[in-house]
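Engineer: Once you've had a glance at the structure underneath, I'll fire off some questions.
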Amino acid sequence: MHFQPQHQNALIYCADENVLQNALFSARHAALRNPDRNFDILICSLTPLTLPTYFRDLGITPVHLDLRDRLVEAGLRLNHLPLTAYLRLWLPEQFANTYERILYVDTDTDIVDPNLSDFTALDLGDHAIGGVRDIQQWTRINRPIHEFEKRGLGGGAYMNGGVLLIDTEAFNSRGLLARLLETNQTMAPFIHHDQSLVNLTLRHEWAELHPHWNWQGLRRYPVFTAHAAPRVLHFVGPLKPSHTDGTQMTFPHDTVAGYADFLARYFPDTERPTLPPNSWLSRSRIALRNHIRNVVLTPQLKPLSGRFRDDMEVLT
């Protein structure tokens, strides 16, 4: 790991070659929309990655973390996941003397916030990690989580692992990596892999961020999304706007078009998503569907976001 940090905080993606383009799509927007940022932008990997000059000129830095043997020795349950999916758990250790705060984000995200530096001012209280509730609890914040129930752990808030705000000193001083790896040995198998590890290890020990910091509702709540002010869009679920065949109406036309344009411009040899129909009829059908969803579902979201005065408030 050889690079020159510019700031005391970092926005970090963990990627391999298979998802590098998605990470660059998100990181590029983070860089362009935050030219006066107070954070570095890193793409960490278990094998060296080469970034086109354009992205490095934006301030996006590839960092090779030579940790494959350690991750393999940890006996992490992979199933369909790449080993890189667990690399986020080692970030606080690897950057202990480099960054005070790390905002980890999944590669299936888009940074839409021109004030992303605000993450450095979020007050985590006594906690080492901050995150947003998983979409399972968006319309029912007290919804029981099967992963807790089957272990007799009762209820509680359940965090989505796709965006994590980490205080590196607190994380390391409390030995959280060791605790996470112990959970991996004693409580597996898991439903949601690394997300399960974090939630089962840190029940009641994480700070809850406003849903704007990990907005998982673009597909299900498109109209509510348009009236909200998300900072990080997270394309949760198996369907992604970067891989559509034109028959899905899952994501807005502009979202899919953004990926198609990005790939055509910077990775022309890569297969691009097929744009969904954009005729008057198709737009009308989508508008009607979204209106119905808005009327039915949006009121159910008020208990989620209504607990916050604004998206800089953290529930600890």
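Engineer: List the extent of the Cα atoms of region 69-135 along each of their three principal axes, largest first, rounded to whole Å.
Structural biologist: If we take the Cα atoms of region 69-135, the spans are 37, 29, 20 Å.
Engineer: Then there's this: Going highest first, how would you order 119-127, 185-193 by mean Cβ packing within 10 Å?
Structural biologist: Ranked by mean Cβ neighbours within 10 Å, highest first: 119-127, 185-193.
Engineer: Could you tell me which residue out of 24, 87, 135 lies farthest along the dipole of region 9-212 toward its positive end? Charges go on the beta carbon: Lys and Arg +1, Asp and Glu -1, centred on the Cα centre.
Structural biologist: Towards the positive end, the residue furthest out is 135.
Engineer: Sticking with this one: When the helices in the chain are scored as -39500 (n - 2.57) per DSSP H run of 4 or longer and the sum is shared across all residues, what 222 nm value do you end up with, to the nearest 500 deg cm²/dmol?
Structural biologist: Rounded to the nearest 500, the figure is -8500 deg cm²/dmol.
Engineer: Using the number of other C-beta atoms within 10 angstrom as an exposure proxy, rank 267, 251 with the fewest first.
Structural biologist: Neighbour counts put them in this order, fewest first: 267, 251.
Engineer: Considering the options 8, 54, 218, tell which one lies farthest towards the positive end of the dipole of the chain, charges being +1 on Lys and Arg and -1 on Asp and Glu at the Cβ, about the Cα centre.
Structural biologist: Value: 218.
Engineer: Moving on. Just how large is the dipole of the chain about the Cα centre, in debye to the nearest 20, putting +1 at every Lys and Arg Cβ and -1 at every Asp and Glu Cβ?
Structural biologist: For the chain, the charge dipole is close to 1220 debye.
Engineer: Here is a follow-up. Quick one: work out the % antiparallel among DSSP beta bridges in region 9-212, nearest 5.
Structural biologist: So the antiparallel bridges in region 9-212 amount to around 35 percent.
Read-outs: derived from the displayed coordinates by stated rules, not from any lab. Nothing here was measured: the structure is a model prediction, and the numbers come from that model. For neighbour counting, all protein chains shown are included, and Cβ atoms are generated from backbone atoms with ideal geometry for every residue, glycine included.
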